[in-house]
Amino acid sequence: MPPARPKKITPPVPDTPAPAAPEPALPFRRNNLVDLIHEELRRRITDRVLVADQRLVIDQLAAEFGTSLIPVREAMARLHAERLLVHEANKGYRVAPGPGTDEMRNLFEARVVIEVGALRHGFARIDQSTIDELHLVNQLIAKGRYGVQFKDFKAFIDLNARFHGIIVGLTANPFIIESYERLAYHQRISQTLTGQGPSNIDKIVADHDAVVAALRKRDREAAMAALSHHIEYGLEDALERAREAVAQIADKRRVK
């Protein structure tokens with residue numbers, strides 16, 4: 001029997017990198033499909049890729065994302081709870097219009113009642129670790145660089161929500177915490193930032209610092225006054241942004 005022929009070995013070719021894989025339509029970096037789909041739809045709504053009153057069809061989205069219907073339904077139910085989608089019986093989901101001036105006034109009035117009240121009733125639970133966390137979150141807000149699209153200002157929205165969520169969480173009262181979350185303030189305010197981005201970051205950080213400074217002194221009344229001032233100041237900025245967002249949408253429709 002003749003000896004077996006040795007296998008041919010192809011030497012590696014240097015300086016020839018493998019071609020990069022194309023970017024998928026959705027970056028599947030997490031295992032939780034509901035979170036992934038929720039985040040992508042929230043981006044599209046905030047950036048007005050999906051426009052006000054546009055109907056969303058679950059079957060079409062499931063086909064686009066390559067998933068079953070279940071994670072799409074769950075993501076859309078979450079968006080509905082965040083008031084970014086409207087649901088109509090026998091019709092399904094459609095995109096909620098951005099907040100107008102009346103909604104903004106109501107949101108900020110509710111924030112004063114809930115947040116300042118939470119600080120009053122949860123003040124006894126404040127400790128050094130809470131103060132340190134608030135300070136750290138505010139430092140991260142100050143160091144951020146924010147743009148005019150959702151992906152570029154999402155970090156600000158998340159950090160700001162964290163700062164105010166810590167204060168509301170001091171109550172340890174699930175009914176108060178749920179009431180605050182149901183406002184969906186941070187999700188709704190995002191819709192007014194597209195094309196503008198967050199402004200007055202220095203003022204926001206300074207207001208937060210005033211709250212933290214009062215907490216360090218364990219001065220409840222000063223902390224409540226600083227928080228109330230911060231929210232009331234934010235209303236004027238939010239009203240201007242809501243008006244500008246309406247104007248941007250109207251201009252876009254005229255161009256079309």
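The values are calculated or read from the model by the stated rules, or taken from the named source; none is laboratory data. Note that the structure is a prediction, hence the values are computed from the model and not measured. Please note: Cβ atoms are built from the backbone with ideal geometry, for glycine as well, and neighbour counts cover all protein chains shown.
Taking the conditions exactly as written (closer than 23 Å to F153 by Cα and either at pLDDT 95 or above or surrounded by fewer than 10 Cβ atoms within 10 Å (Cβ to Cβ) (or both)), does V34 satisfy them or not?
Yes, satisfied.
Can you tell me how many residues within region 183-208 are under 14 Å from the mean Cα position of the chain (by Cα) and assigned to a helix (DSSP H, G or I)? First the steps, then the outcome.
Filtering region 183-208 down to residues under 14 Å from the mean Cα position of the chain (by Cα) leaves 183-194, 197-198.
Within this subset, residues satisfying the condition of being assigned to a helix (DSSP H, G or I) are 183, 185-190.
Here the count works out to 7.
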Inset, instruction - Go through region 200-250 and give me each residue that's within 24 Å of V51 (Cα to Cα), in contact (Cβ under 8 Å) with a residue 12 or more places away in the chain and either outside the structural domain of G165 (by TED's automatic domain parsing) or not β-branched (V, I, T) (or both). - result: D237, A238, L239, R241, A242, R243, E244, A245, Q248
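Tell me yes or no: at least one residue of region 68-75 is within 18 Å of the chain's Cα centre (by Cα) and buried (at least 19 other Cβ atoms within 10 Å of the Cβ).
Taking region 68-75 first, the residues within 18 Å of the chain's Cα centre (by Cα) are 74-75.
From what is left, the residues that are buried (at least 19 other Cβ atoms within 10 Å of the Cβ) are 75.
Yes, because at least one residue in region 68-75 is within 18 Å of the chain's Cα centre (by Cα) and buried (at least 19 other Cβ atoms within 10 Å of the Cβ).
Working only within region 188-220, note down all residues that are more than 18 Å from E236 (Cα to Cα), modelled with pLDDT of 95 or more and not β-branched (V, I, T). Step through it out loud before you land on a result.
At the first step, the residues of region 188-220 found to be more than 18 Å from E236 (Cα to Cα) are 195, 209-220.
If we keep only those that are modelled with pLDDT of 95 or more too, we end up with 209-220.
Answer for region 188-220, where residues must be more than 18 Å from E236 (Cα to Cα), modelled with pLDDT of 95 or more and not β-branched (V, I, T): D209, A210, A213, A214, L215, R216, K217, R218, D219, R220.
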Inset, instruction - Please name all residue pairs, on different chains or six or more residues apart, with Cβ atoms under 8 Å, provided the first residue is in region 67-95 and is without any contact (Cβ under 8 Å) to a residue 24 or more places away in the chain and under 15 Å from V57 (Cβ atoms) and the second residue is in a helix (DSSP H, G or I) and of a type in the set (D, E, K, R). - result: L69/D59
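Is it the case that some residue within region 116-130 is among the charged types (D, E, K, R), assigned by TED's automatic domain parsing to the domain that holds H230, in a loop (DSSP other than H, G, I, E, B) and at pLDDT 95 or above? It would help to see each step written out before you state the result.
Filtering region 116-130 down to residues among the charged types (D, E, K, R) leaves 120, 125, 127.
Among the residues that remain, those that are also assigned by TED's automatic domain parsing to the domain that holds H230 are: 120, 125, 127.
In the following step, the residues that additionally are in a loop (DSSP other than H, G, I, E, B) were identified as 127.
After this cut, where a residue has to be at pLDDT 95 or above as well, the list is 127.
Yes - at least one qualifying residue is present in region 116-130.
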Inset, instruction - Would you mind finding the one in R94, R162, R120 that is surrounded by 14 or more Cβ atoms within 10 Å (Cβ to Cβ), farther than 15 Å from A184 by Cβ and in contact with a strand residue (DSSP E or B) (Cβ under 8 Å, 6 or more places away or on another chain)? - result: R94
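With respect to A172, determine if the residue is surrounded by fewer than 18 Cβ atoms within 10 Å (Cβ to Cβ), assigned to a helix (DSSP H, G or I) and of a type outside the set (K, R). If you could, list the steps in order and put the result at the bottom.
On the way: surrounded by fewer than 18 Cβ atoms within 10 Å (Cβ to Cβ): yes; assigned to a helix (DSSP H, G or I): no; of a type outside the set (K, R): yes.
When the stated conditions are applied, A172 does not pass them.
Within region 147-161, is there a residue that is over 15 Å from the mean Cα position of the chain (by Cα) and in a helix (DSSP H, G or I)?
Taking region 147-161 as the starting set, the residues that turn out to be over 15 Å from the mean Cα position of the chain (by Cα) are none.
No: region 147-161 contains no residue that is over 15 Å from the mean Cα position of the chain (by Cα) and in a helix (DSSP H, G or I).
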